[in-house]
Amino acid sequence: MNILVINAGSSSLKYQLLNPETQQVLAKGLCERIGIDGRFTYKPEGKTAVKEAEVAMPTHNEAIKAVLDALVDPANGVIGSMKEIDAVGHRVVHGGEKFAKSVLITDEVMSAIEECNPLAPLHNPANIIGIKACQALMPGTPMVAVFDTAFHQTMPSEAYMYALPYEYYEKDKVRRYGFHGTSHKYVAQRAAAMLDKPIEELKLISCHLGNGSSIAAVDGGKSVDTSMGFTPLAGLPMGTRCGDIDAGILQYLMNKYDMDIDQMLNVLNKKSGVEGLSLVGSDFRDLEKAAENGDQKAELARKKFSYEVRKYVGAYAAAMGGVDAVIFTAGVGENDHGIRELVCEGLGYMGLELDKAANNVRGKETVISTPDSKVKVLLIPTNEELMIAIDTAALAK
Ligand code: AMP
């Protein structure tokens with residue numbers, strides 16, 4: 001079964017054609033600058049050819065058309081015709097409280113996704129445009145929506161409620177939703193396979209540390225708490241996002257610097273996090289280099305980030321009444337052994353011992369705790385596309 005996975009943003013679109021049964025990726029690539037001029041990248045796996053071209057993309061329709069043309073192209077294509085695409089899986093950021101699972105897309109589902117737009121105004125409308133463009137070009141092909149929020153819908157109310165007047169939840173749906181659900185679900189399943197135990201018997205803490213970062217407490221295969229909240233601004237400090245701060249700071253800074261709320265949110269979303277703290281940048285590779293060269297603020301940013309991750313590990317172990325394994329995934333979690341070491345420092349009291357030699361690894365499924373460590377530490381590369389393809393194949397069948 002070949003599944004086309006689409007991750008549509010407002011001006012870009014990532015795609016991958018893969019077979020979830022064999023896990024073989026046939027081709028992948030990126031459409032950028034949609035609505036501006038259009039830049040197209042196509043990489044068929046196993047072939048050296050990489051196509052990069054300027055393709056006019058006034059709308060997402062032209063972008064999807066370029067993807068389909070490339071996939072069936074006689075020279076560099078990977079399938080004979082579009083009939084060989086069995087279904088399309090769409091990443092959708094926000095499913096609100098309506099979607100606790102992936103769903104086959106119908107007209108009703110489209111309306112329900114549209115109703116979630118106010119909760120993710122930057123992301124959901126773009127996801128919908130991507131779905132509509134595919135529907136126009138591939139009528140009759142089953143389409144599935146896979147939500148970033150769905151995995152966290154199992155959280156108990158004490159985890160997802162904010163201590164705000166109840167009416168804001170009832171009337172306005174203000175609550176913790178959490179994101180990166182597809183990634184947390186994937187690595188939790190892989191952890192169970194690596195530990196050779198049923199997921200129902202495991203208490204896991206999944207640390208998705210990338211440009212955006214979140215942590216999830218996964219008890220018996222179900223998300224019971226997560227660090228992102230009503231929006232992806234909450235929780236850990238990130239590349240440029242501040243994570244949790246005292247809400248009182250907003251009023252103080254807005255008054256002092258005569259900022260309106262949009263300007264304030266721009267600072268919190270785009271100018272804060274490890275970039276704001278270090279004044280070096282949001283990329284952890286740059287921070288590491290700067291810290292090695294004695295830059296104190298870069299060192300502080302790495303320490304602050306790791307400290308907050310460690311606090312969540314402690315908090316979620318407490319929330320679940322124990323933990324069997326801590327998982328590191330995403331760009332920073334998979335590659336930055338120094339951050340993993342800083343996070344795990346001082347967790348010996350809870351039976352977690354990092355194996356420093358084993359930790360000297362990147363991007364490979366590995367147990368990185370000592371053989372005696374009661375709490376295992378796992379490095380698991382995430383694969384959201386595969387998870388989306390698996391869900392899509394199951395529903396399309
Ligand atoms: P993601 O959002 O998961 O794609 O992660 C992106 C982030 O991963 C980048 O901003 C980098 O900070 C980080 N990253 C990627 N590769 C490395 C690496 N080799 N060492 C340290 N950090 C890395």
Q: Only one of these is out of contact with any helix residue (DSSP H, G or I) (no Cβ under 7 Å at 6 or more places or on another chain), under 30 Å from Gly331 (Cβ atoms) and surrounded by 24 or more Cβ atoms within 10 Å (Cβ to Cβ): Phe179, Phe151. Name it.
A: Phe179
Q. Which pairs do you get when a residue that is among the acidic types (Asp, Glu), found in region 211-224, comes within reach of a residue that is assigned to a strand (DSSP E or B), reach meaning Cβ atoms under 8 angstrom, with the pair 6+ apart or on two chains?
A. Asp219/Lys203; Asp219/Leu204
Q. Which one is farthest from Arg190 (Cα to Cα), of the residues in region 363-372 that are in contact with a helix residue (DSSP H, G or I) (Cβ under 8 Å, 6 or more places away or on another chain) and at pLDDT 95 or above?
A. Ile368
Q: Please verify whether region 243-260 includes one or more residues that are among the aromatic types (Phe, Trp, Tyr) and either under 16 Å from Asn211 (Cα atoms) or within 16 Å of the ligand (Cβ to nearest atom) (or both).
A: no
Q. If we scan region 176-189, do we find a residue that is without any contact (Cβ under 8 Å) to a residue 24 or more places away in the chain, more than 24 Å from Lys311 (Cβ to Cβ) and aromatic (Phe, Trp, Tyr)?
A. no
Q: Taking Val218 as meeting all but one of (1) hydrophobic (A, V, I, L, M, F, W, C); (2) surrounded by 24 or more Cβ atoms within 10 Å (Cβ to Cβ); (3) within 16 Å of the ligand (Cβ to nearest atom), write down the number of the exception.
A: (3)
**Q.** Count of residues meeting criterion [over 20 Å from the mean Cα position of the chain (by Cα) and under 25 Å from Val93 (Cα atoms)] in region 27-42
**A.** 10
Q.
Step by step: first the residues of region 221-242, then only those that are polar (S, T, N, Q) and closer than 24 Å to Glu275 by Cβ, then the one that is nearest to the ligand (Cβ to nearest atom). Which residue is that?
A. Thr240
Q | Of residues in region 21-49 being assigned to a loop (DSSP other than H, G, I, E, B) and in contact with a strand residue (DSSP E or B) (Cβ under 6 Å, 6 or more places away or on another chain), the one nearest to Leu71 (Cα to Cα) | A | Glu45
Q.
Kindly evaluate Val109 against the criterion of being in contact (Cβ under 8 Å) with a residue 24 or more places away in the chain, out of contact with any Pro (no Cβ under 7 Å at 6 or more places or on another chain) and either of a type in the set (D, E, K, R) or assigned to a helix (DSSP H, G or I) (or both).
A. yes
Q: Give me the pairs, please: first residue somewhere in region 46-57 and free of Cβ contacts under 8 Å to residues at least 60 places away in the same chain and surrounded by 10 or more Cβ atoms within 10 Å (Cβ to Cβ), second residue anywhere and of a type outside the set (Ser, Thr, Tyr) and not in a loop (DSSP other than H, G, I, E, B), beta-carbon distance under 6 Å, and either six or more positions apart or on two chains.
A: Val50/Lys43; Ala53/Phe40; Val55/Phe40; Val55/Ala66; Met57/Ala63
Q) How many residues are closer than 17 Å to Phe305 by Cβ and not charged (D, E, K, R) when one looks only at region 225-268? A) 15
Q: Just give me the residues in region 330-347 being at pLDDT 95 or above and of a type outside the set (D, E, K, R), in sequence order.
A: Ala330, Gly331, Val332, Gly333, Asn335, His337, Gly338, Ile339, Leu342, Val343, Cys344, Leu347
Q | Unique residue being surrounded by fewer than 20 Cβ atoms within 10 Å (Cβ to Cβ) and either aromatic (Phe, Trp, Tyr) or touching a Leu at 6+ places or on another chain (Cβ under 6 Å) (or both) when the list is Tyr169, Tyr160 | A | Tyr169
(Q) Between Ala389, Ala358, which is surrounded by fewer than 17 Cβ atoms within 10 Å (Cβ to Cβ), closer than 30 Å to Gln23 by Cα and more than 16 Å from the ligand (Cβ to nearest atom)? (A) Ala358
Q) Which number in (1) at pLDDT below 95; (2) more than 16 Å from the ligand (Cβ to nearest atom) marks the one condition that Glu201 misses? A) (1)
Q.
Any residue at all in region 182-199 that's out of contact with any helix residue (DSSP H, G or I) (no Cβ under 6 Å at 6 or more places or on another chain) and hydroxyl-bearing (Ser, Thr, Tyr)?
A. no
Q | Within region 323-344, considering residues that are of a type in the set (A, V, I, L, M, F, W, C) and within 16 Å of the ligand (Cβ to nearest atom), the one nearest to the chain's Cα centre (by Cα) | A | Ala330
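The values are calculated or read from the model by the stated rules, or taken from the named source; none is laboratory data. Every value quoted in this text rests on a predicted model; they were computed, and no experiment measured them. As a convention, Cβ positions derive from the backbone with ideal geometry for all residues, glycine included, and neighbour counts pool all protein chains shown.
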